[in-house]
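S.K.: Please find one structure pasted underneath; my questions will follow.
The values are calculated or read from the model by the stated rules, or taken from the named source; none is laboratory data. Remember, predicted model here, so these are calculated numbers, not experimental data. When we count neighbours, we look across all protein chains shown, and the Cβ atoms used for this are built from the backbone with ideal geometry, even at glycine.
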Amino acid sequence: MPALILDGRSLAAELRTELLARTSALRDSGIHPRLVVVFVGENESSNSYVRNLARTGERVGVDVSVDRVPETARLEEIRFRLERLHADPATHGVMLQQPLPAHLPIREIADAIPAHKDVDGTHPTNQGHLAFGSGTEYVPATPAAVMLLLERSPHWPLRGRRAAIVGRSIVVGAPVAWLMIAQDATVTILHRESRGLQQYLKTAEVVVVAAGSPGLVRGEDLMPGATVIDVGTTMVNGALKGDVDFESAARVAGAITPVPGGVGPVTNVALLRNVVKAAERSQVARYAAPKAT
Ligand code: NAD
């Protein structure tokens, strides 16, 4: 039987409709959800991601503005740009675009993102909530997209399922693992130094690949019927390639995401959903604040 295609574009369209209703309600009460993206230097795929984000923002009623910072900026400058947004009532979401230039370590900057506006879940407090399983404030966008797609797969719910994740970055692999553990899956995390990748993949009912290595996983590596989520996006000769060899994998998998058209379109809606959540919370805070006399 051919694999079920987990279509990110149609899921994104559904989520956009839901978001538009929420932003319309916010606008009726005078709140215009706004995201500021602090973008350091130049990066082709980041440019394209942020352009798409702005386009999706227009469709769902979220203003997306980009604060461009030169590549040569020092760490203190980036921290200042982020910290000054803490008390800005017109900004509901703040995101630091990654990857950063090599001289700017994310771990020395992430805590400057205002935690209550940290819509991509990068601040150590929000990362901690995710790992601790203690009332996640904002789930990072790409892992959230992975989970939204998994919810539509034949292997949902994940309780007791064997899952393998290739990649352990703090942006994708590690948070996906925490989210799956919270769903009671049995999770194996694989990375560049893992030996015998195939032996783990072959027994996994759910496989998530976020390695940045085009074609790394092939059909013969998979267990028949597995659900395969391909997060990888690498430009190869002007075309976007995933980490999974789609053609061979689709012959073996039970369900699979394409690249493009899988995780990517859902990711930017997931991020904007967090901005809307932050804007709704600001509304609650506004009504809860004591009246000035
Ligand atoms: P990263 O470089 O920070 O991490 C890659 C991880 O994969 C590391 O843990 C590394 O050890 C592991 N890895 C690399 N090669 C491997 C191999 N041959 N075998 C086993 N493990 C291997 O990358 P990232 O930021 O996590 O991104 C991963 C991929 O996902 C990239 O292609 C990126 O462009 C893509 N991405 C897509 C979206 C989206 O919305 N679709 C969002 C973020 C990242």
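S.K.: Pick from the stretch 68-88 the residues that are in contact (Cβ under 8 Å) with a residue 40 or more places away in the chain and of a type in the set (A, V, I, L, M): which of them is surrounded by the most Cβ atoms within 10 Å (Cβ to Cβ)?
M.R.: Out of the qualifying residues, it is LEU82.
S.K.: Condition first: outside any helix (DSSP H, G or I) and within 14 Å of the ligand (Cβ to nearest atom). Now tell me which residues in the stretch 172-183 satisfy that.
M.R.: Step one: filter the stretch 172-183 for residues outside any helix (DSSP H, G or I), giving 172, 183.
Of everything in the stretch 172-183, just one residue is outside any helix (DSSP H, G or I) and within 14 Å of the ligand (Cβ to nearest atom), namely VAL172.
S.K.: When both residues are 6+ apart or on different chains and their Cβ atoms are under 9 Å apart, which pairs have a first residue that lies in the stretch 220-234 and is under 16 Å from VAL266 (Cα atoms) and at pLDDT 95 or above, and a second that is away from the ligand (no atom under 16 Å from the Cβ) and of a type in the set (Ser, Thr, Tyr)?
M.R.: ILE229/SER153
S.K.: Looking only at the stretch 225-247, which residues are of a type outside the set (D, E, K, R) and under 13 Å from PRO2 (Cβ atoms)? If you could, list the steps in order and put the result at the bottom.
M.R.: At the first step, the residues of the stretch 225-247 found to be of a type outside the set (D, E, K, R) are 225-229, 231-240, 242, 244, 246.
Hits for the stretch 225-247 are GLY225, PHE246.
S.K.: Collect the residues in the stretch 207-254 that are on the phi > 0 side of the Ramachandran plot and either among the small types (Gly, Ala, Ser) or in contact with an Asp or Glu (Cβ under 6 Å, 6 or more places away or on another chain) (or both), keeping them in residue-number order.
M.R.: The answer is GLY212, GLY215, GLY225, GLY238.
S.K.: If we scan the stretch 266-278, do we find a residue that is of a type in the set (Ser, Thr, Tyr), within 12 Å of the ligand (Cβ to nearest atom) and in a loop (DSSP other than H, G, I, E, B)?
M.R.: At the first step, the residues of the stretch 266-278 found to be of a type in the set (Ser, Thr, Tyr) are 267.
This time we only want the ones that are within 12 Å of the ligand (Cβ to nearest atom), so: 267.
Pick out the ones that are also in a loop (DSSP other than H, G, I, E, B) and you get none.
No: the stretch 266-278 contains no residue that is of a type in the set (Ser, Thr, Tyr), within 12 Å of the ligand (Cβ to nearest atom) and in a loop (DSSP other than H, G, I, E, B).
S.K.: Next question. Consider PRO33 carefully, then state whether it is over 18 Å from VAL269 (Cβ atoms), in contact with a Gly (Cβ under 8 Å, 6 or more places away or on another chain), in contact (Cβ under 8 Å) with a residue 40 or more places away in the chain and surrounded by 13 or more Cβ atoms within 10 Å (Cβ to Cβ).
M.R.: Details: over 18 Å from VAL269 (Cβ atoms): no; in contact with a Gly (Cβ under 8 Å, 6 or more places away or on another chain): yes; in contact (Cβ under 8 Å) with a residue 40 or more places away in the chain: yes; surrounded by 13 or more Cβ atoms within 10 Å (Cβ to Cβ): yes.
Judged against the criteria, PRO33 is not a match.
S.K.: What number of residues within the stretch 184-201 satisfy the criterion of being touching a helix residue (DSSP H, G or I) at 6+ places or on another chain (Cβ under 8 Å) and either surrounded by 16 or more Cβ atoms within 10 Å (Cβ to Cβ) or part of a strand (DSSP E or B) (or both)?
M.R.: Matching residues across the stretch 184-201 total 6.
S.K.: Among SER169, SER153, which is the only one that is of a type in the set (S, T, N, Q) and within 16 Å of the ligand (Cβ to nearest atom)?
M.R.: Details: SER153 fails: within 16 Å of the ligand (Cβ to nearest atom).
Result of the check over SER169, SER153: SER169.
S.K.: Of the residues SER282, SER248, only one is modelled with pLDDT under 95, away from the ligand (no atom under 11 Å from the Cβ), among the hydroxyl-bearing types (Ser, Thr, Tyr) and part of a helix (DSSP H, G or I); which?
M.R.: Matching residue, one of SER282, SER248: SER282.
S.K.: Output the qualifying pairs, or none if there are none: Cβ atoms under 9 angstrom, residues six or more apart or on different chains, first residue in the stretch 265-276 and charged (D, E, K, R), second residue more than 9 Å from the ligand (Cβ to nearest atom).
M.R.: Sorted first by the residue in the stretch 265-276, then by its partner, the pairs are ARG273/LEU15; ARG273/GLU18; ARG273/LEU19; ARG273/ARG22; ARG273/VAL60; ARG273/VAL119; ARG273/ALA144.
S.K.: Now, a different point. From (1) surrounded by 21 or more Cβ atoms within 10 Å (Cβ to Cβ); (2) within 16 Å of the ligand (Cβ to nearest atom), pick out the condition that doesn't hold for LEU158.
M.R.: Condition not satisfied by LEU158: (2).
S.K.: Continuing with this model, one more query. Among the residues that make up the stretch 140-149, is at least one of them surrounded by fewer than 19 Cβ atoms within 10 Å (Cβ to Cβ), touching a strand residue (DSSP E or B) at 6+ places or on another chain (Cβ under 7 Å) and at pLDDT 95 or above? Please lay out each step first, then the result.
M.R.: Initial filter on the stretch 140-149 (surrounded by fewer than 19 Cβ atoms within 10 Å (Cβ to Cβ)): none.
No, the stretch 140-149 contains no residue that is surrounded by fewer than 19 Cβ atoms within 10 Å (Cβ to Cβ), touching a strand residue (DSSP E or B) at 6+ places or on another chain (Cβ under 7 Å) and at pLDDT 95 or above.
Listed here are the residues, each with its yes/no results for (1) of a type in the set (S, T, N, Q); (2) surrounded by 20 or more Cβ atoms within 10 Å (Cβ to Cβ); (3) outside any strand (DSSP E or B).
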residue: SER10; (1), (2), (3): yes, no, yes
residue: THR23; (1), (2), (3): yes, yes, yes
residue: GLU42; (1), (2), (3): no, no, yes
residue: LEU53; (1), (2), (3): no, yes, yes
residue: VAL66; (1), (2), (3): no, no, no
residue: ALA90; (1), (2), (3): no, no, yes
residue: PRO101; (1), (2), (3): no, no, yes
